[in-house]
Amino acid sequence: MPNDPTYLPMLGCKSNKKKRDEYLAPIPEDERHDLMTAYHKRLTSDNIQLRTEAAKAWSKWEMSTSKLRINQEDIARAEADEWAL
């Protein structure tokens, strides 16, 4: 396993291109080399639209990759602004 903090988050996404693409969507190409920093920057932003977009993408990815059995209801909940934030 690489000694890279972005390796584990991406490991869960490698098996499903659609989920990976949705997870990466809020992050510009030039920041994807350090996803933890890029997401932290957005999740703590004063810009509510930027923060909400990142929170939804992060939450959907987390609900899709952190469990052995994916619960579609959890993923659907992550679409709600209030829940994702």
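I'd like the Karplus ³J(HN,Hα) series for segment 69-74: coefficients 6.51, -1.76, 1.60, θ = phi - 60°, whole numbers in Hz, and an x wherever there's a Gly or Pro.
10, 6, 9, 4, 5, 4
Kindly rank 46-58, 63-75 from highest to lowest mean number of other beta carbons found within 10 Å of each residue. List each step's numbers first, then the result.
Working: 46-58: 15.9, 63-75: 12.8.
So the peptides 46-58, 63-75, ranked by packing, come out 46-58, 63-75.
Taking the Cα-to-Cβ direction at residue 66 and at residue 44 and moving 7 Å from each Cα, how far apart do the two end points lie in nm?
1.9
For segment 10-85, report the accessible area per residue in Å² (1.4 Å probe, heavy atoms, rounded to an integer). Mind dumping the intermediate values first?
Values: 4990 Å² over 76 residues.
So segment 10-85 comes to 66 Å² accessible per residue, rounded to a whole number.
May I ask you to evaluate 6.51 cos²θ - 1.76 cosθ + 1.60, the Karplus curve with θ = phi - 60°, for each residue of segment 25-42 and list the ³J(HN,Hα) values in order in whole Hz, giving x for glycine and proline?
Result, rounded to whole Hz: 3, x, 9, x, 3, 6, 10, 6, 6, 9, 5, 4, 5, 4, 5, 4, 4, 7.
The values are calculated or read from the model by the stated rules, or taken from the named source; none is laboratory data. Predicted model only: the values in this text are computed from it and were never measured. With ideal geometry, Cβ positions are generated from the backbone for all residues, glycine too; neighbour counts draw on all protein chains shown. Only protein heavy atoms, including side chains, enter the accessible area calculation; ligands, DNA and RNA are left aside. Shrake-Rupley method; radii C 1.70, N 1.55, O 1.52, S 1.80 Å.
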